[in-house]
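**Q** Okay, handing you the structure first.
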Amino acid sequence: MGEFQIQQSFFDQYLGKLRHVAEIIDLAPEVVEILSKPKRTIIVSIPVRMDNGKTRVFTAYRVQFNDARGPMKGGFRYHPDVNLDEVKALAALMMLKTAVVNIPYGGSKGGVKCNPKEMSRRELEVLTREYAKALAPFIGPDIDIPAPDVNTDAQVMAWFLDEYNKVVGKVVPGVVTGKPLSIGGSGGRGEATGRGVFFIGLEAASKLNVSLKDARVSIQGFGNVAFNAAKFFYELGSKIVAVSNSKGGIYNPDGLNIYKVMEVKRKEGSVTKYSEAEIISREDPLTVDCDILIPAALEGQITEKNAGNVKAKMIIEGANGPTTPEADKILSEKGVFIVPDILANAGGVVVSYFEWVQNRMGYYWSEKEVDDKLKTIMVNAFNDVYEVSNKYNVDMRTGAYITSINRIVGAMKSLGWI
Ligand code: GLU
């Protein structure tokens, strides 16, 4: 179709996959319809008085996709590209993710269209507090529980919680996860997504009979997920050959010292200031020579344009939606083993679940207990999906969708929705 082909939106990609799976497992049309539409969509305009005295109005979203299996769960991001289609797609992926790892949640997601890199700490605090106020009537520990995502961290969760507490007139730590330890956060939550990616890597490597110790790993990104994943692979002895951030990437076939890279990024603002590596573009980590590729930045990175150049034999999706359907097809045909986002990066929401459980008990586990429980859930989920994929003779993404949609359908049947 050439240059006039219309790009599928992120949410359209989800719908396409849903229809594909609906055919394989023979889903009733009303099930497909329920899973095609969010339960509730909240869009608010948030005026913030900026440091220069002028007021700017930010558009913020929260999409609550489905709560058949439990209260809805999902992070919120701050990014200039945030839009309703993206938040809807990410909310649908959260619904699938919580089901794939079998934790008692539905799915949701939020986002504010803003550029946090150009905002002061005070401006971010005001924006976060206003967002919390706007969402307060629609969220809660039994309704919808936000958490960190791209460019939002434990501090943002703390501001969010403080404002929510003021609105409802009580202290409700379980309304948000990914909080600092000092106010009810869980040990191990900060590194949980990266740790989960690593557990998945171990499990996948043992199934495919490859050694992670000798593996060359390329990572797109160097945020929370990318850095922590890099750390666990590096500690095991794998070579981290490339990483990147929004300003560009770095490559060293002999391996990067990722702690030094982190130090440089902290001090100088970008991994590209690291001297012991070749500077490459932010897309190049996707196509450098390596054994394992971990896209851990944003969606829509591996496309029909670069998929043919991917050298990795295994892809572990640390980001949500990093591979377009066209790229997925090209990679499958090449025989690349892809562990999909909804399974590979579920470690974060799993430990969010542990945090919420601890908040409700008012009793806290050691970090070791959290890590062990995380491992059990990730390994079981990987094996569930692996089995289903073999049973239906489909790839791991399709297997993960089948596994989760069957669980969601089971809940919807019990509730009498269908
Ligand atoms: N934002 C993370 C994700 O995409 C974590 C969500 C959560 O902990 O609720 O899975």
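The values are calculated or read from the model by the stated rules, or taken from the named source; none is laboratory data. What you see is a predicted model; the values in this text were computed from it and never measured. We place every Cβ from the backbone using ideal geometry, glycine too, and count neighbours over all the protein chains shown. Remember, those area values only see protein heavy atoms, side chains included, never the ligands or the DNA or RNA. Shrake-Rupley method; radii C 1.70, N 1.55, O 1.52, S 1.80 Å.
Listed here are the residues, each with its yes/no results for (1) closer than 30 Å to residue 92 by Cβ; (2) of a type in the set (A, V, I, L, M, F, W, C); (3) touching a His at 6+ places or on another chain (Cβ under 7 Å).
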| site | (1), (2), (3) |
| --- | --- |
| 274 | no, no, no |
| 295 | yes, no, no |
| 309 | yes, no, no |
| 315 | yes, yes, no |
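**Q** Just to be sure, is residue 260 open to solvent by 80 Å² or more (accessible area, probe 1.4 Å), of a type in the set (D, E, K, R), modelled with pLDDT of 95 or more and under 18 Å from residue 233 (Cα atoms)?
**A** When the stated conditions are applied, residue 260 passes them.
Let's see how each residue does on (1) touching a residue at least 40 places away in the same chain (Cβ under 8 Å); (2) surrounded by 16 or more Cβ atoms within 10 Å (Cβ to Cβ); (3) of a type in the set (Phe, Trp, Tyr):
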| residue | (1), (2), (3) |
| --- | --- |
| 298 | yes, yes, no |
| 314 | yes, yes, no |
| 323 | no, yes, no |
| 334 | no, no, no |
| 337 | yes, yes, yes |
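**Q** Within the stretch 198-206, identify whether any single residue is surrounded by 24 or more Cβ atoms within 10 Å (Cβ to Cβ) and either more than 16 Å from the ligand (Cβ to nearest atom) or over 28 Å from residue 69 (Cα atoms) (or both), and answer yes or no. Let's see the steps before the verdict.
**A** Applying the first criterion (surrounded by 24 or more Cβ atoms within 10 Å (Cβ to Cβ)) to the stretch 198-206 yields 198, 200-201.
Restricting the remaining residues to those that are either more than 16 Å from the ligand (Cβ to nearest atom) or over 28 Å from residue 69 (Cα atoms) (or both) gives 201.
Scanning the stretch 198-206 turns up at least one residue that is surrounded by 24 or more Cβ atoms within 10 Å (Cβ to Cβ) and either more than 16 Å from the ligand (Cβ to nearest atom) or over 28 Å from residue 69 (Cα atoms) (or both).
**Q** Also, quick follow-up: Any residue in the stretch 340-360 that's under 14 Å from residue 382 (Cα atoms) and of a type in the set (D, E, K, R): show its pairings with residues that are more than 9 Å from the ligand (Cβ to nearest atom) and outside any helix (DSSP H, G or I) at Cβ separation under 6 Å, as long as the two are six or more apart or on different chains.
**A** Partner pairs satisfying both residue conditions: 341/317.
**Q** Check whether at least one residue in the stretch 197-211 is farther than 21 Å from residue 313 by Cα, in contact with a helix residue (DSSP H, G or I) (Cβ under 8 Å, 6 or more places away or on another chain), not in a strand (DSSP E or B) and not small (Gly, Ala, Ser), and report yes or no.
**A** In the first step, residues of the stretch 197-211 are kept if they are farther than 21 Å from residue 313 by Cα; the result is none.
No; the residues of the stretch 197-211 include none that is farther than 21 Å from residue 313 by Cα, in contact with a helix residue (DSSP H, G or I) (Cβ under 8 Å, 6 or more places away or on another chain), not in a strand (DSSP E or B) and not small (Gly, Ala, Ser).
**Q** Another question, then. Taking the stretch 66-76 as the region of interest, how many residues are in a strand (DSSP E or B) and either away from the ligand (no atom under 13 Å from the Cβ) or surrounded by fewer than 24 Cβ atoms within 10 Å (Cβ to Cβ) (or both)? I'd like the intermediate steps shown before the answer.
**A** As a first pass, look at the stretch 66-76 and keep what is in a strand (DSSP E or B): 66, 72-73, 76.
Adding the requirement that they be either away from the ligand (no atom under 13 Å from the Cβ) or surrounded by fewer than 24 Cβ atoms within 10 Å (Cβ to Cβ) (or both) leaves 66.
Counting residues in the stretch 66-76 that are in a strand (DSSP E or B) and either away from the ligand (no atom under 13 Å from the Cβ) or surrounded by fewer than 24 Cβ atoms within 10 Å (Cβ to Cβ) (or both) gives 1.
**Q** For the stretch 78-112, which residues satisfy the criterion of being within 11 Å of the ligand (Cβ to nearest atom), in a strand (DSSP E or B) and touching a Leu at 6+ places or on another chain (Cβ under 8 Å)?
**A** Correct list: 107, 109, 110, 111.
Residues are listed down the side, and each one gets a yes or a no for (1) within 29 Å of residue 153 (Cα to Cα); (2) at pLDDT 95 or above; (3) in contact with a Gly (Cβ under 9 Å, 6 or more places away or on another chain):
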residue: 209; (1), (2), (3): no, no, no
residue: 224; (1), (2), (3): yes, yes, yes
residue: 228; (1), (2), (3): yes, yes, yes
residue: 231; (1), (2), (3): yes, yes, yes
residue: 264; (1), (2), (3): yes, yes, no
residue: 268; (1), (2), (3): yes, yes, no
residue: 291; (1), (2), (3): no, yes, no
residue: 307; (1), (2), (3): no, yes, no
residue: 318; (1), (2), (3): yes, yes, yes
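**Q** Can you name the residue in the stretch 212-229 that is farther than 16 Å from residue 322 by Cβ and part of a helix (DSSP H, G or I) and, of all such residues, is most open to solvent (accessible area, probe 1.4 Å)?
**A** Going through the stretch 212-229, the residues farther than 16 Å from residue 322 by Cβ turn out to be 212-216, 227-228.
From what is left, the residues that are part of a helix (DSSP H, G or I) are 227-228.
On the way: 227: 30, 228: 15 Å².
Only one residue fits best here, namely 227.
**Q** So in the stretch 123-157, with the set limited to residues that are within 16 Å of the ligand (Cβ to nearest atom) and closer than 12 Å to residue 46 by Cα, which one is surrounded by the most Cβ atoms within 10 Å (Cβ to Cβ)?
**A** 131
**Q** Oh, and also: I want to confirm something. Restricting to the stretch 325-349 and keeping residues that are closer than 15 Å to residue 295 by Cβ and not in a helix (DSSP H, G or I), which single residue is nearest to the ligand (Cβ to nearest atom)?
**A** Residue satisfying both the conditions and the ranking: 345.
**Q** I need a count of the residues in the stretch 88-109 that are within 17 Å of residue 15 (Cα to Cα) and of a type in the set (A, V, I, L, M).
**A** Count: 8.
**Q** Any residue that is under 30 Å from residue 337 (Cβ atoms) and out of contact with any helix residue (DSSP H, G or I) (no Cβ under 9 Å at 6 or more places or on another chain) - is there at least one of those in the stretch 169-178?
**A** No, the stretch 169-178 contains no residue that is under 30 Å from residue 337 (Cβ atoms) and out of contact with any helix residue (DSSP H, G or I) (no Cβ under 9 Å at 6 or more places or on another chain).
**Q** Check residue 327 against each of (1) touching a residue at least 40 places away in the same chain (Cβ under 8 Å); (2) open to solvent by less than 60 Å² (accessible area, probe 1.4 Å) and name the one condition it does not meet.
**A** (1)
**Q** In the stretch 111-121, is there at least one residue being surrounded by 18 or more Cβ atoms within 10 Å (Cβ to Cβ) and within 17 Å of residue 73 (Cβ to Cβ)?
**A** Within the stretch 111-121, one or more residues are surrounded by 18 or more Cβ atoms within 10 Å (Cβ to Cβ) and within 17 Å of residue 73 (Cβ to Cβ).
**Q** Sort through 414, 389, 404, 352 and tell me the only one that's open to solvent by 10 Å² or more (accessible area, probe 1.4 Å) and either in a helix (DSSP H, G or I) or of a type in the set (A, V, I, L, M, F, W, C) (or both). First the steps, then the outcome.
**A** Working: 389 fails: open to solvent by 10 Å² or more (accessible area, probe 1.4 Å); 404 fails: open to solvent by 10 Å² or more (accessible area, probe 1.4 Å); 352 fails: open to solvent by 10 Å² or more (accessible area, probe 1.4 Å).
Of the residues listed, the single one that is open to solvent by 10 Å² or more (accessible area, probe 1.4 Å) and either in a helix (DSSP H, G or I) or of a type in the set (A, V, I, L, M, F, W, C) (or both) is 414.
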